[in-house]
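Presented below is the structure to which this report refers.
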Amino acid sequence: MAKILVATDKPFAAIAVKGIREVVEGAGDELILLEKYGEKAKLLDAVKDVDAIIIRSDIIDAEVLDAAKQLKIVVRAGAGYDNVDLAAATAHNVCVMNTPGQNSNAVAELAFGMMVMAVRNFYNGTSGTELKGKKLGIHAYGNVGRNVARIAKGFGMEIYAFDAFCPASVIEADGVKPVASPEELYATCDVVSLHIPATAETKNSIGYALVGKMPKNGLLVNTARKEVINEAELIKLMEERADLKYVTDIMPAAGEEFAAKFAGRYFSTPKKMGAQTAEANINAGIAAAKQIEGFLKEGCEKFRVNK
């Protein structure tokens, strides 16, 4: 019998835990819950004898992996996995997976909720604009980006996308116009929705030069990662261009400065909320449990993200 730990400082919804438990116990394994643990020491103690871990935004680093002597697999319930030290996991012979696509609709819907709020001047009682007929740029055409495109069609937007790794033919097949570079995307579109991961190449890549190419009254929407934004450069640009707006699902490090300087042009959720729906909780949690059982029982490594 394998021991499977759900370690979530920010817990799953109760209905998601119920679904995870059904998968794990149905496969004859034991489920252990560690929720709202707060202190890393509690996580280090909990991982000592487990075979698998399901996490959300929880940090799995070399210290955690050192403590987890029997650990075979970690599954991040969600798409992003920059909270897991992949090199350390590989060194410890631990498989790391994510659950791509399970949170995608939730994130896409939030992106549109933020877009509508921004173009309606954050519901301050003044006259705003509509999304219909506007040019929407999707920066990275993965699972979330494709859901954003699907929703945008219902709003009657003109949709463009840039993705260095997605063939133009795939983008075109969805009725979306591919562009050749990020520069072209930003220069073309009234609204840009960010969906790039935080990598060595993308960190701090969204800044003065790129966002500065946006047309008058441009809107940047970030439901991706905080680290991809060059905050100092974006602040400088927004100081120079009073027409630009920035809304984000990830509180910037300079959040207080953004809020103080750009009232009426800036909004951030208090914490990352893209996947904060009951449906996304259930989808990602159950997918994580099924992937763990597939790995432990059958050696299935689909969705593995480390070498």
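The values are calculated or read from the model by the stated rules, or taken from the named source; none is laboratory data. Only a predicted model underlies this, so the values are computations on that prediction, with no experimental measurement involved. A quick note on method: Cβ atoms are made from the backbone with ideal geometry, for glycine too, and the neighbour counts reach across all protein chains shown. All accessible areas refer to the heavy atoms of the entire protein, side chains included, with ligands and DNA or RNA removed. Shrake-Rupley method; radii C 1.70, N 1.55, O 1.52, S 1.80 Å.
Can you report the number of residues in the stretch 169-178 which are within 23 Å of the chain's Cα centre (by Cα) and open to solvent by 20 Å² or more (accessible area, probe 1.4 Å)?
Residues of the stretch 169-178 that are within 23 Å of the chain's Cα centre (by Cα), as a first pass: 170-171, 174, 176, 178.
Restricting the remaining residues to those that are open to solvent by 20 Å² or more (accessible area, probe 1.4 Å) gives 170, 174, 178.
Total satisfying the criteria: 3.
Residue under question is residue 279, and the condition is that it be of a type in the set (D, E, K, R), touching a residue at least 24 places away in the same chain (Cβ under 8 Å) and open to solvent by 10 Å² or more (accessible area, probe 1.4 Å); does it hold? Show your work before the answer.
Details: of a type in the set (D, E, K, R): yes; touching a residue at least 24 places away in the same chain (Cβ under 8 Å): yes; open to solvent by 10 Å² or more (accessible area, probe 1.4 Å): yes.
So residue 279 passes the test.
May I ask you to say which residue of 36, 69 is of a type in the set (Lys, Arg), in contact (Cβ under 8 Å) with a residue 12 or more places away in the chain, farther than 26 Å from residue 287 by Cβ and surrounded by fewer than 20 Cβ atoms within 10 Å (Cβ to Cβ)? Can you show your working first?
Values: 36 fails: farther than 26 Å from residue 287 by Cβ.
Only one candidate passes the filter, namely 69.
Select, from 144, 96, 116, the only residue that is in the same structural domain as residue 61 (by TED's automatic domain parsing) and either under 28 Å from residue 170 (Cβ atoms) or not in a loop (DSSP other than H, G, I, E, B) (or both). Spell out the reasoning first.
Details: 144 fails: in the same structural domain as residue 61 (by TED's automatic domain parsing); 116 fails: in the same structural domain as residue 61 (by TED's automatic domain parsing).
Exactly one of 144, 96, 116 is in the same structural domain as residue 61 (by TED's automatic domain parsing) and either under 28 Å from residue 170 (Cβ atoms) or not in a loop (DSSP other than H, G, I, E, B) (or both), namely 96.
Any residue that is within 30 Å of residue 221 (Cα to Cα), open to solvent by 10 Å² or more (accessible area, probe 1.4 Å) and not polar (S, T, N, Q) - is there at least one of those in the stretch 15-32? Talk me through it step by step, then tell me what you get.
Looking only at the stretch 15-32, we keep the residues that are within 30 Å of residue 221 (Cα to Cα), and these are 16.
From what is left, the residues that are open to solvent by 10 Å² or more (accessible area, probe 1.4 Å) are none.
For the stretch 15-32, residues within 30 Å of residue 221 (Cα to Cα), open to solvent by 10 Å² or more (accessible area, probe 1.4 Å) and not polar (S, T, N, Q): absent.
Given the residues 140, 77, which is the only one that is in contact with a His (Cβ under 7 Å, 6 or more places away or on another chain) and within 29 Å of residue 11 (Cα to Cα)? Step through it out loud before you land on a result.
Numbers: 77 fails: in contact with a His (Cβ under 7 Å, 6 or more places away or on another chain).
Criteria check complete, one pass: 140.
Anything in the stretch 1-12 that is open to solvent by 30 Å² or more (accessible area, probe 1.4 Å) and either within 17 Å of residue 56 (Cα to Cα) or touching a Ser or Thr at 6+ places or on another chain (Cβ under 6 Å) (or both)? List them, or say none. Walk me through it before giving the result.
If we filter the stretch 1-12 for residues that are open to solvent by 30 Å² or more (accessible area, probe 1.4 Å), which is where we start, we get 1, 3, 9-11.
Hits for the stretch 1-12 are 9, 10, 11.
For the list (1) open to solvent by 70 Å² or more (accessible area, probe 1.4 Å); (2) under 30 Å from residue 14 (Cα atoms); (3) in contact (Cβ under 8 Å) with a residue 60 or more places away in the chain; (4) not acidic (Asp, Glu), I need the number of the one condition that residue 270 fails.
Among (1) open to solvent by 70 Å² or more (accessible area, probe 1.4 Å); (2) under 30 Å from residue 14 (Cα atoms); (3) in contact (Cβ under 8 Å) with a residue 60 or more places away in the chain; (4) not acidic (Asp, Glu), residue 270 violates only (3).
Going residue by residue through the stretch 122-144, is there one that turns out to be in contact with a strand residue (DSSP E or B) (Cβ under 8 Å, 6 or more places away or on another chain), under 19 Å from residue 269 (Cα atoms) and surrounded by 15 or more Cβ atoms within 10 Å (Cβ to Cβ)? First the steps, then the outcome.
In the first step, residues of the stretch 122-144 are kept if they are in contact with a strand residue (DSSP E or B) (Cβ under 8 Å, 6 or more places away or on another chain); the result is 122, 131, 133-141.
Next, from what is left, pick out any that are under 19 Å from residue 269 (Cα atoms): 122.
Restricting the remaining residues to those that are surrounded by 15 or more Cβ atoms within 10 Å (Cβ to Cβ) gives 122.
Yes, the stretch 122-144 has at least one match.
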